[in-house]
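In what follows, a structure is listed as structure tokens, so that the remarks can point back to it.
The values are calculated or read from the model by the stated rules, or taken from the named source; none is laboratory data. Everything numeric in this text was worked out from a predicted model, so none of it was measured. No Cβ is skipped: glycine too gets one built from the backbone with ideal geometry, and neighbour counts run over all protein chains shown.
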């Protein structure tokens with residue numbers, strides 16, 4: 001009977017993981033669509049900025065053991081700063 005409950009828990013965990021990963025990919029895809037619609041240009045740096053924010057949040061959480069609101073604010077701020085720098089360096093010159 002223990003094996004049955006172990007398999008049920010594993011299935012529920014797999015479904016949860018799939019939903020979380022799928023929603024993350026959907027958010028990044030929606031971001032690509034919004035940026036392309038607003039700028040009329042395909043910004044491939046968006047993926048890099050998203051990953052930089054994710055890694056920043058992971059590093060802050062692991063190294064500093066900061067609470068979630070702090071991790072969220074810092075990683076969002078770092079992503080915004082990198083996105084702004086990419087815009088200033090690359091996209092503002094494109095008509």
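Observations
- Residue list for the range 27-54, filter: surrounded by fewer than 12 Cβ atoms within 10 Å (Cβ to Cβ) and within 10 Å of the chain's Cα centre (by Cα): 27
- Among the residues making up the range 1-42, a single one is in contact (Cβ under 8 Å) with a residue 40 or more places away in the chain and not in a helix (DSSP H, G or I): 41.
- Every condition in (1) modelled with pLDDT under 90; (2) assigned by TED's automatic domain parsing to the domain that holds residue 81 holds for residue 24 except the one numbered (2).
- Of all residues making up the range 55-90, the number that are exposed (fewer than 13 other Cβ atoms within 10 Å of the Cβ) and part of a helix (DSSP H, G or I): 14
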